[in-house]
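The values are calculated or read from the model by the stated rules, or taken from the named source; none is laboratory data. The structure presented is a predicted model; accordingly, all values stated were derived computationally and were not measured. A quick note on method: Cβ atoms are made from the backbone with ideal geometry, for glycine too, and the neighbour counts reach across all protein chains shown. Accessible surface is based on the protein model in full, side chains and every heavy atom, while ligands, DNA and RNA are left aside. Shrake-Rupley method; radii C 1.70, N 1.55, O 1.52, S 1.80 Å.
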Amino acid sequence: MSTTTASGSQNLAAYLTAAKGPFSVLPAPQRVPAAGEVLVKVQACALQPADAKVAKLAVLPVAYPTILGSPVAGFVEAVGEGVQKVKVGDRVVASTSIFEKGGDERWGGVQRFAIVSERNAIAIPSSLSFENACATASHSPVAALHAVGTLNIPRASNPSEPAPQTTGTILIWGGSSAMGSLAISYAKKAGLTVITTCSRHNFDLVKSLGADFVLDYKRPQGDVVADLVKTAKQVGVPKYWFDTISLPASMAPLVEVISQTTAPDQAVMVLHLNPPFMFVSSVTIPPNVTTKLYTISSAEKGDPELMQWMLGKGGYLERGLNEGWLRGVPPLVLGGLDQVEKGIEMLHREEVSGQKLVVLPWQD
Ligand SMILES: NC(=O)c1ccc[n+]([C@@H]2O[C@H](COP(=O)([O-])OP(=O)(O)OC[C@H]3O[C@@H](n4cnc5c(N)ncnc54)[C@H](OP(=O)(O)O)[C@@H]3O)[C@@H](O)[C@H]2O)c1
């Protein structure tokens, strides 16, 4: 089996060798992009909580060995037939499709050469580091905010200009998480007032992203709820509720805030990112509250036009990255492929705070 690409460099990958199994850094096959695919020479790749859930808990059925990690950032090495959005040599960032592809290793991120779909590849400027690009380019927060079937927040008319503060309030639980931080960035572009929660040491981070009101969720729950209720009544009861943590520790106080700020017959939707089984057994959801799980595939099916607006050439994500207004948590660079296992352990033990873990596949 060949392990050499067209440019003569060997592919190397951090393989998850079996369900809950160890990682091994091994030579990997040469990747060849098929029609509609882009081969990326990966300079940086982010690790996600979902990677830890798969690696440590085997929560999704995937073929082994597999390669985790997303998004990747690097240079376009080759393009498949029909690809027009990017060309060889471009600097790009792209979410991988490893879970949609059942773990097929071609689509994994923590390798030197990875396949991504043309649709997901977004051109980035030379002023943006690969580390920052892959820490920032997740599709989920923007789709979660703007898809018709999710929060359906009106889009910014011109993201290059300051947004008018006129469209209401959003409560984003978990503002220092990777998802929450990007959600703050996007919500501010949409002109919303943002109330958020995080640990005190991340207050400056979330304020720098534009959060208007920040509360420390680690105090006793009654105090946190009381302060959130007071803030909501002062600045406007949230029209939008987004729980980016989606665990009992976030959902329980969040629904308590809803109970104390909305009438019992007023319908409220809380968007969340983890499946409901992770909180429903210990949180009583009031009858007027609907919880809705966000997934990229449901947003995509429900709103194909939004996907084009968001991911198309010159689209919202590309503009955000190129114009510099899209910001989230900073990258924490762990090192080369041999650091993937350490990163997965950190995510599994919930040791990541206000940062996105990143590995550099070409670093020894
Ligand atoms: N459905 C989807 O498509 C989708 C997509 C992406 C992610 N997700 C899921 O969404 C969740 C968040 O992902 P992520 O990448 O944003 O995670 P992350 O950045 O790794 O999360 C770490 C952050 O969570 C914060 N946090 C932990 N417990 C909290 C609580 N009780 N209240 C408020 N903040 C809390 C911490 O804040 P402090 O350090 O400030 O305390 C920390 O900054 C994960 O479960 C992930 O699997 C789902």
query = Taking region 222-248 as the search range and keeping residues that are in contact with a Ser or Thr (Cβ under 8 Å, 6 or more places away or on another chain) and within 15 Å of residue 291 (Cα to Cα), which one is surrounded by the most Cβ atoms within 10 Å (Cβ to Cβ)?
reply = 244
task = Inspect region 341-350 for any residue being open to solvent by 30 Å² or more (accessible area, probe 1.4 Å), part of a loop (DSSP other than H, G, I, E, B) and within 15 Å of the ligand (Cβ to nearest atom) and give the result as yes or no.
result = yes
message = Out of everything in region 185-219 that is within 11 Å of the ligand (Cβ to nearest atom) and among the β-branched types (Val, Ile, Thr), what residue ends up being farthest from residue 250 (Cα to Cα)?
response = 206
inquiry  = So the check is Cβ under 8 Å with 6+ separation or different chains; which pairs have a first residue in region 282-295 that's more than 17 Å from residue 267 (Cα to Cα) and touching a residue at least 40 places away in the same chain (Cβ under 8 Å) and a second one that's among the hydrophobic types (A, V, I, L, M, F, W, C) and not in a strand (DSSP E or B)?
reply    = 294/143; 294/144; 294/273
remark   = So, first residue under 16 Å from residue 257 (Cβ atoms) and touching a residue at least 60 places away in the same chain (Cβ under 8 Å) in region 199-221, second residue open to solvent by 60 Å² or more (accessible area, probe 1.4 Å) and more than 10 Å from the ligand (Cβ to nearest atom), Cβ within less than 8 Å, six or more apart or across chains; the pairs are none
task = Go through region 66-84 residue by residue and tally those that are part of a strand (DSSP E or B), more than 13 Å from residue 123 (Cα to Cα) and under 14 Å from the mean Cα position of the chain (by Cα).
result = 0
task = Answer yes or no as to whether residue 251 is open to solvent by less than 50 Å² (accessible area, probe 1.4 Å) and closer than 30 Å to residue 91 by Cα.
result = no
ask   = Checking residue 329 against (1) open to solvent by 70 Å² or more (accessible area, probe 1.4 Å); (2) touching a strand residue (DSSP E or B) at 6+ places or on another chain (Cβ under 9 Å), which test does it fail?
value = (1)
query = Among the residues of region 256-281, which ones are over 18 Å from residue 239 (Cα atoms) and either of a type outside the set (A, V, I, L, M, F, W, C) or in contact (Cβ under 8 Å) with a residue 12 or more places away in the chain (or both)?
reply = 273, 274, 275, 276, 278, 279, 281
task = Restricting attention to region 40-70, report how many residues are in contact with a strand residue (DSSP E or B) (Cβ under 6 Å, 6 or more places away or on another chain) and among the hydroxyl-bearing types (Ser, Thr, Tyr).
result = 1
ask   = Within the set of pairs 6+ apart or on separate chains, which have a first residue in region 232-254 that is closer than 22 Å to residue 276 by Cβ, a second that is charged (D, E, K, R) and surrounded by 21 or more Cβ atoms within 10 Å (Cβ to Cβ), and C-beta atoms under 8 Å apart?
value = 250/243; 251/243; 254/243
inquiry  = If I filter region 104-114 for residues that are within 16 Å of the ligand (Cβ to nearest atom) and either open to solvent by 20 Å² or more (accessible area, probe 1.4 Å) or under 21 Å from residue 297 (Cα atoms) (or both), do I get at least one hit?
reply    = yes
remark   = Out of (1) away from the ligand (no atom under 16 Å from the Cβ); (2) under 19 Å from the mean Cα position of the chain (by Cα); (3) in contact (Cβ under 8 Å) with a residue 24 or more places away in the chain, the one residue 152 does not meet is (3)
key: Qualifying position, being within 14 Å of the ligand (Cβ to nearest atom) and at pLDDT 95 or above, among 331, 361   = 331
message = I'm trying to understand the selection: among the residues of region 155-184, which are of a type in the set (A, V, I, L, M) and either at pLDDT below 95 or more than 16 Å from the ligand (Cβ to nearest atom) (or both)?
response = 156, 163
